[in-house]
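Notes to accompany the following structure.
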Amino acid sequence: RGYMEERSPVLLGTSAGGAQPAPATSMVHDAVGDDVLWSCLTCAACLDACPVEINHIETIVDMRRFLTLEEASTPDTAQSALQSIEQRGHPWRGTTLTRTSWMDGLDIPTLAEKPESEVLFWVGCSGALVQRGVDTTRSMVSVLRKAGVDFAVLGEEETCTGDPARRLGNEYLFQMQAETNIGTFKQYDVKKIITTCPHCFNTMKNEYPQLGGNYDVIHYTAFVGELLKQGKLRPNEAGIGSIGTVTYHDSCYLGRHNGEFGAPREIISSIPGLDFVEMDQNQERAFCCGAGGGRMWMEEEGERVNHMRTDQFLETGAETVAVSCPFCIQMFDEGISSKGQEDTKRAVDLITILDQATE
């Protein structure tokens, strides 16, 4: 366990007063406590650290399915998110935004209007319905247009991928959401999809094929990386303004789950004059932001994981932490505010930095 404690955000956080993991022998006898199962971030730090490569995540999510579907024993705030997905097609109960409000003034084509588009830009629930996500979405559109990419969006036809439902154990709801989206993709003969959210990316790339949905799904970091190599985007030093020194936070679902560590750093290195410093825990060893595994919709016990990761950001001395995930940016925003550093430190999506630096 000592080896795992060096890597696991849950073990580090719970040592400060939260749930304690059950002994391995009791796991064999199905005696894992509910609090332990719901504490998992599905960040894959344990999987990456495990010397015999045991996939703990699949087992934990399967146990959550039992709690959710058989015993109706889901944490209240998580259940609220699941109900919102079922009723509204997204987990963000209380938002005043709509699937298309971010499009105001941008004249963005939908697939219904332009079905021959080469690329579907999947906006995602956070990208449309959370203001910080909207900022990232508009930056993404700006970059795509600067590079001359032929793209369209789904607009009101987009609905949650089902990622939170699967992580929270509601397999039925996940499959309902997935089948709805797969049906929409079939209607428009969608072949290539780009996303800004690693959770949407992971779900459509790795889990939709289980239900017959096979597409070329690309996270924007890889897609934009190719545009840079092709010379379709030309960043310049004048555009970065007063962003200061930058560090980068590896999203668990882009990094450990999908092995993408190089593309974000290639984008950073493509921007002239941008000072970059790594956090001590980076790439495969990166610390989770605390939002994965449906934890975005649950209260934490013990020390907050995002506060620990924020401390690691602050230790670099950088003014800006660049991220490539809408969950991560929200967690850093809260962490920076909790440390009283919001006047001097900031979290910014990498696509926004690139947009600012590109003519």
Give me a count of the residues in the stretch 40-70 that are in a loop (DSSP other than H, G, I, E, B) and at pLDDT below 90.
6
Between residues in the stretch 102-125 that are closer than 17 Å to V149 by Cα and residues that are of a type in the set (K, R) and not in a loop (DSSP other than H, G, I, E, B), which pairs lie under 6 Å by C-beta distance while being six or more apart or on different chains?
V119/K192
For the stretch 88-97, check the following and say yes or no: at least one residue is assigned to a helix (DSSP H, G or I) and modelled with pLDDT of 85 or more.
yes
Based on this model, can you work out whether V224 counts as in contact (Cβ under 8 Å) with a residue 40 or more places away in the chain, outside any helix (DSSP H, G or I) and more than 15 Å from the chain's Cα centre (by Cα)?
no
Restricted to the stretch 187-200 and to residues being in contact with a helix residue (DSSP H, G or I) (Cβ under 8 Å, 6 or more places away or on another chain) and assigned to a helix (DSSP H, G or I), the residue nearest to C252 (Cα to Cα) is H199
Checking T161, T203, T184 in turn, the sole residue that is β-branched (V, I, T), part of a helix (DSSP H, G or I) and either crowded, with 24+ Cβ neighbours inside 10 Å or at pLDDT below 95 (or both) turns out to be T203
One residue from V143, V134, V149 being part of a loop (DSSP other than H, G, I, E, B) and either touching a Leu at 6+ places or on another chain (Cβ under 9 Å) or under 16 Å from L350 (Cβ atoms) (or both)
V149
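Conditions (1) among the polar types (S, T, N, Q); (2) in contact with an Asp or Glu (Cβ under 8 Å, 6 or more places away or on another chain); (3) farther than 20 Å from Y215 by Cβ, marked per residue:
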position: S80; (1), (2), (3): yes, no, yes
position: Q83; (1), (2), (3): yes, no, yes
position: P91; (1), (2), (3): no, no, yes
position: M103; (1), (2), (3): no, no, yes
position: I108; (1), (2), (3): no, no, yes
position: K114; (1), (2), (3): no, no, no
position: L129; (1), (2), (3): no, no, yes
position: T136; (1), (2), (3): yes, yes, yes
position: R145; (1), (2), (3): no, no, yes
Which condition number in (1) touching a residue at least 12 places away in the same chain (Cβ under 8 Å); (2) assigned by TED's automatic domain parsing to the domain that holds Q330; (3) not β-branched (V, I, T) is the one that S269 fails?
(1)
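The values are calculated or read from the model by the stated rules, or taken from the named source; none is laboratory data. Only a predicted model underlies this, so the values are computations on that prediction, with no experimental measurement involved. Cβ coordinates were reconstructed from backbone atoms using ideal geometry, including for glycine residues, and neighbour counts include every protein chain displayed.
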